[in-house]
Every structure is written in C-alpha cells, then in structure tokens.
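**Student:** Please find one structure pasted underneath; my questions will follow.
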Amino acid sequence: MTHFSRRKLLTAGAALPMAGLAAGAAQAEAPMKGPSMANHRRFAIGDFEVTTILGGTAPRENPQGIFGMNVSEAEFAEVSQQNFLSTESSNFFFTPTLINTGAELVLFDTGLNAEATTAAIESAGYTADQVDIVVLTHMHGDHIGGLMSNGTATFANARYVTGQVEYDHWAAAGNEGFDANVRPMADMMTFLGDGDDVVSGITGMAAFGHTPGHMVYRIESAGSGLVIFADLANHPVWSLARPDWEVRFDADKEAAAASRRNVLGMIAADRVPAIGYHMPFPAVGYVDTGTDGAEFRWVPEAGQLVG
C-alpha cells in the first residue's frame, strides 16, 4: 500500500493548476459549434416503424399573444414561471411524421416548405419519391407548405388523403396556400370522415375546432397503439395542460377546447404514446392527468420506445 504525506499531497496539488492550464490550452483549439439538435427519431409501434422528423423551428415573441388569451397576465406569468418558461418568447417546432407499415410509407403533414421537409426526410434515410401516401391533418400553411416545389409535386409517387370536412371548407373559402398547394392535388385525393381508415391500422378521428375539419389519427399494430394529434394542442403547458386556454390559431375556440379534452382524455386513459406536431422535438410522449390546476400533463418519452 502506498502512503502519502501531507507535504507530498500539497506538492502534487501545486502542480495540478499548470497541468490543467496546459490541457485547457490544447482543448481551446476546438472551434465552437453552435446549438444543434438531432432531426429525426425512429421507434417501433407493433410492426410499424415510426419516424418523427424536424421540419423546422421558429421563435415567437409575446407567447400570451398566442396562448392563454382568455386568462390574466398574472395567471399566465405564474404558470409560466412554475414551468420554467419565458413570458417574453417561445420556440415553435414543426414535426411531420413518417410511418412505414411495411407495405406503404405514409407521411403525415408536409411542413413549412418542400426544401426543409425533404432534407429532414433524407436525414432519416428516405427520399421524397419513396413516400406512398401523404396525409394532411388540416390545411394550415405549416402543414401544406411542403406539398409543392416550384409548381411541381414534391412527392411525385404519392396519393393524398385528408378529411372531407376540412377540404370542403378550404375549397369554398380559398386562400393562397390552399390554392397553390392543395387544389392542384384534388384529383389525387381520397377524403375521409370520422372513423375511416387511411390504410389498415391507421384510422382518422374527427377533432374539429383548430380548423373546421381538423383530424387526428389512431395507429394500431400488433397490439400496440399511438395517436398522432397534430395541432390539437400546440404547446405542452400553455395548451395541452390547460385545454380551456384559448389559442389564437384555433378557428372555433370552444370546439377546439372540447376536442382537446376528448382526445387527450382518451390518450391518457389508454396510456398510449402520442405525437404532437408542435410539441418540443422529437415530439413523442405520453399524456397523463394533471395536478396543481392543470387538467393534463405532457410526459416526454424517456426511453420507453427504445429497442
């Protein structure tokens, strides 16, 4: 056994700062890389392979101009402070989802633009021409923006699926995004109602309110389940946890709150994983009942879907 005297320990310790400085000087040669984030997450649901892809992020100032519009500034600030959230700004995530059923590659929503979405798809190991079906949960610009690229269909080999109510609303109302990106695809579209299947194991569910025909999708494979809830809730705290807090982007705020309560209650009761288009990336988690004034609680996936 080796014994060290106090003198030897002090002598050794005196040399350590110089050694540390030398090591630090060498390490300082490595350049700063800046913030980064993985841009896809893949896991299995039964026999299906599910991949969320990061189609982009965007900062937004004054979050109470978007969320909790019907609550006081003091309440909004208190809830934000309890959840380590700034009341000055927030970051939005845009997360399309790919599901490989083994027979079809299905893309849910197309992101802000074709360039970002196809880059994210390629980072996940696929190409745009491998997409067999494009499902549109609703027709806000950040979900249909990637359908076309310079007037050409981004997903050249795909057929398209969306809710009948949603399509009929925008076809009558019209807007620049719909007219440029969706209307040209009309002849290639299949229209769903509540309870209709995209393919076996992927079923549409009406969750109206955010838009007149907004739909969510229930996934079932080999005894496992998943819900893709799109824009049902746009933030884990300011929307999902408090379904009655009004969201600027919801067309019918009362109906949107009722849909949140209905679908989130189902997800919590069934204890299945879920994907939310605007949840913090990789946008995968669980919904539980809430505490301290929150009706629900977003629980980010923490390894349950690994392997």
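The values are calculated or read from the model by the stated rules, or taken from the named source; none is laboratory data. From a predicted model like this one, the values you see are computed outputs, not experimental measurements. No Cβ is skipped: glycine too gets one built from the backbone with ideal geometry, and neighbour counts run over all protein chains shown.
**Student:** Go over the candidates Arg248, Arg242, Arg271, Arg260 one by one and state the one that is touching a Pro at 6+ places or on another chain (Cβ under 9 Å) and among the basic types (Lys, Arg). Even if it seems obvious, please write down each step before you answer.
**Tutor:** Values: Arg248 fails: touching a Pro at 6+ places or on another chain (Cβ under 9 Å); Arg242 fails: touching a Pro at 6+ places or on another chain (Cβ under 9 Å); Arg271 fails: touching a Pro at 6+ places or on another chain (Cβ under 9 Å).
Result: Arg260 is the single residue among Arg248, Arg242, Arg271, Arg260 that is touching a Pro at 6+ places or on another chain (Cβ under 9 Å) and among the basic types (Lys, Arg).
**Student:** Check segment 219-226 and report whether any residue there is without any contact (Cβ under 8 Å) to a residue 40 or more places away in the chain and among the acidic types (Asp, Glu).
**Tutor:** Among the residues of segment 219-226, not one is without any contact (Cβ under 8 Å) to a residue 40 or more places away in the chain and among the acidic types (Asp, Glu), which makes the answer no.
**Student:** Then there's this: Answer with yes or no whether Thr95 is under 24 Å from Val198 (Cβ atoms), modelled with pLDDT of 95 or more and among the polar types (S, T, N, Q).
**Tutor:** Against the criterion (under 24 Å from Val198 (Cβ atoms), modelled with pLDDT of 95 or more and among the polar types (S, T, N, Q)), Thr95 qualifies.
**Student:** Need the failing condition index for Ala258 against (1) over 23 Å from Ser80 (Cβ atoms); (2) without any contact (Cβ under 8 Å) to a residue 12 or more places away in the chain, just the number.
**Tutor:** All conditions pass for Ala258, except number (2).
**Student:** Looking at segment 156-203, what strands (runs of 3 or more DSSP E) fall wholly within it and have at least 2 residues that are β-branched (Val, Ile, Thr)? Don't jump to the end; show me each part of the working.
**Tutor:** Numbers: elements: 159-163, 189-192, 197-199.
Qualifying strands (runs of 3 or more DSSP E): 159-163, 197-199.
**Student:** Name the residue that is farthest from Val134 (Cα to Cα), counting only residues in segment 176-185 that are out of contact with any helix residue (DSSP H, G or I) (no Cβ under 8 Å at 6 or more places or on another chain) and hydrophobic (A, V, I, L, M, F, W, C).
**Tutor:** The selected residue is Ala180.
**Student:** Pairs, please: C-beta under 8 Å, at least 6 apart or cross-chain, first residue in contact (Cβ under 8 Å) with a residue 60 or more places away in the chain and surrounded by fewer than 16 Cβ atoms within 10 Å (Cβ to Cβ) and in segment 189-211, second aliphatic (A, V, I, L, M) and outside any loop (DSSP other than H, G, I, E, B)?
**Tutor:** Going by the 8 Å Cβ cut-off, the qualifying pairs are Val199/Val106; Val199/Ile133.
**Student:** Say we look at segment 164-214 and pick out the residues that are in contact with a Gly (Cβ under 6 Å, 6 or more places away or on another chain) and under 17 Å from Asp142 (Cα atoms); which of these is modelled with the lowest pLDDT?
**Tutor:** Gly177
**Student:** Out of all the residues in segment 111-126, which are part of a helix (DSSP H, G or I), buried (at least 23 other Cβ atoms within 10 Å of the Cβ) and small (Gly, Ala, Ser)?
**Tutor:** If the condition is that a residue be part of a helix (DSSP H, G or I), buried (at least 23 other Cβ atoms within 10 Å of the Cβ) and small (Gly, Ala, Ser), then Ala120 is the only one that fits.
**Student:** Give the residue, chosen from Asp288, Asp252, Asp270, that is in contact with a helix residue (DSSP H, G or I) (Cβ under 8 Å, 6 or more places away or on another chain), at pLDDT 95 or above, surrounded by fewer than 18 Cβ atoms within 10 Å (Cβ to Cβ) and acidic (Asp, Glu).
**Tutor:** Matching residue, one of Asp288, Asp252, Asp270: Asp288.
**Student:** How many residues does segment 281-300 hold that are within 16 Å of Ile228 (Cβ to Cβ) and not in a strand (DSSP E or B)?
**Tutor:** Number satisfying all stated conditions: 3.
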